[in-house]
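Right, one structure below, let's go through it.
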Amino acid sequence: METVVHLPESEDPCTIREVLDALRKQKLEPRHDSKNWGDWIHLEGCRTVISIESMRGLTRSATIEHAEDDNAETSRAILKAFGKLGWFGMDEDGEYPLD
């Protein structure tokens with residue numbers, strides 16, 4: 001399962017460091033990997049990964065690729081971290097708050 005999250009255009013983009021710090025505040029252990037084909041955030045002890053769009057260290061969009069065998073608490077913590085930064089989820093019905 002995937003969850004698309006984004007920061008509204010009306011808001012200034014945040015840094016990847018801010019995203020990592022928000023994840024840490026939710027008791028997660030993130031690791032940022034920057035590759036030629038994109039940036040990824042891996043979480044210690046989880047198979048869930050976050051593909052995060054980055055331009056010069058700034059970001060406003062990400063896709064969370066939830067692993068089926070990770071617990072629901074991990075998913076809630078990830079969404080809460082992004083929600084605390086003012087991000088929203090996006091699906092076929094439109095935007096929704098992450099809290």
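The values are calculated or read from the model by the stated rules, or taken from the named source; none is laboratory data. What you see is a predicted model; the values in this text were computed from it and never measured. With ideal geometry, Cβ positions are generated from the backbone for all residues, glycine too; neighbour counts draw on all protein chains shown. The accessibility values were calculated without ligands, DNA or RNA, using every heavy atom of the protein model including side chains. Shrake-Rupley method; radii C 1.70, N 1.55, O 1.52, S 1.80 Å.
Straight-line reach from Lys27: which lysines have Cα under 19 Å away, leaving out those fewer than 8 places along the same chain?
Those lysines meeting the cut-off are Lys80, Lys84.
Quick one: dipole size for the range 5-99, taken about the Cα centre, charges +1 on Lys/Arg Cβ and -1 on Asp/Glu Cβ, in debye to the nearest 20.
Computed charge dipole of the range 5-99: roughly 520 debye.
Projecting each Cα onto the charge dipole of the range 52-92 (Lys/Arg +1, Asp/Glu -1 at the beta carbon, about the Cα centre), which of Trp87, Thr74, Ile64 comes out farthest on the positive side?
Of the listed residues, the answer is Trp87.
Calculate what fraction, in whole %, of the accessible area of the chain sits on carbon and sulfur atoms when a 1.4 Å probe is rolled over the protein chains.
Details: 2940 of 6400 Å².
The value for the chain is 46 percent carbon and sulfur by accessible area.
Could you state the accessible area per residue of the chain in Å², with a 1.4 Å probe and every protein chain left in place?
Value for the chain: 65 Å² per residue.
Where in the range 1-29 is the amide nitrogen less than 18 Å from a point lying 7 Å along the Cα-to-Cβ axis of Arg47?
1-3
Could you compute the net charge surrounding Arg47? Neighbours are other residues with a C-beta less than 10 Å from the C-beta of Arg47; K and R count +1, D and E count -1. Numbers along the way, then the final one.
Working: positive: none; negative: Glu65, Glu68, Asp69, Asp70.
That sum, taken over residues with Cβ under 10 Å, equals -4.
Using heavy-atom solvent-accessible surface (probe 1.4 Å) with all chains present, what is the largest-first order of Glu18, Glu53?
Accessible-area ranking of Glu18, Glu53, largest first: Glu53, Glu18.
If you bin every alpha carbon distance in the range 4-59 into 10 Å steps from zero, what whole percent lands in each bin?
The percentages, shortest bin first, are 22, 56, 21, 1.
Measuring from the lowest to the highest alpha carbon on each principal axis, how far does the chain reach, largest first, in angstroms?
35, 32, 25
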